1. Could you please tell me which pairs satisfy a Cβ distance under 7 Å, a separation of 6+ or placement on different chains, a first residue in region 40-62 that is surrounded by 15 or more Cβ atoms within 10 Å (Cβ to Cβ), and a second residue that is among the small types (Gly, Ala, Ser)?
2. How about region 38-76: which of its residues are over 15 Å from ASN25 (Cα atoms) and out of contact with any strand residue (DSSP E or B) (no Cβ under 7 Å at 6 or more places or on another chain)?
3. So ASP22 ticks every box in (1) of a type in the set (Asp, Glu); (2) free of Cβ contacts under 8 Å to residues at least 12 places away in the same chain; (3) touching a helix residue (DSSP H, G or I) at 6+ places or on another chain (Cβ under 9 Å) but one. Which box is left unticked?
4. Output the number of the condition that ALA17 fails; it satisfies all remaining conditions of (1) closer than 27 Å to GLU89 by Cβ; (2) aliphatic (A, V, I, L, M); (3) without any contact (Cβ under 8 Å) to a residue 40 or more places away in the chain; (4) not in a helix (DSSP H, G or I).
Amino acid sequence: MKDPHSVIHTIRLSEKATRLGDTNNEYVFLVSPGANKLEIKRAVEAHFGKTVTGVRTANFFGKARRQRRADAGRTNHWKKAIVRLKEGETLDLV
């Protein structure tokens, strides 16, 4: 099993993520691109001590960005996990 700190990078706090937390008891995390759903579930349960009922993931590929010269770079690839907690449990994000 991977270390929970190496699986979960940070929590994503945006308007949509906050709305998901309020309505569906779901929280959005930026996770390691190599982590699977089972590893994400175990990491959230170990790190926060809550019961996870579902995990959805999405991969996002880096966008091409042009610098001042003609050569192009790109932003990093990243992975998002939407984690649903057991009914009645919440995360204190303050």
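Values quoted throughout were computed directly from the atomic coordinates according to the rules given, and no laboratory measurement underlies them. Everything quoted here is computed from the prediction, not taken from an experiment. Note: ideal-geometry Cβ built from the backbone for every residue, glycine included; neighbour counts use all protein chains shown.
1. Within 7 Å, the pairs are ILE40/ALA81; VAL55/ALA81; THR57/ALA81.
2. Across region 38-76, the qualifying residues are LEU38, GLU39, ARG42, ALA46, GLY49, PHE61, ARG68, ARG69, ALA70, ASP71, ASN76.
3. (3)
4. Every condition holds for ALA17 apart from (4).
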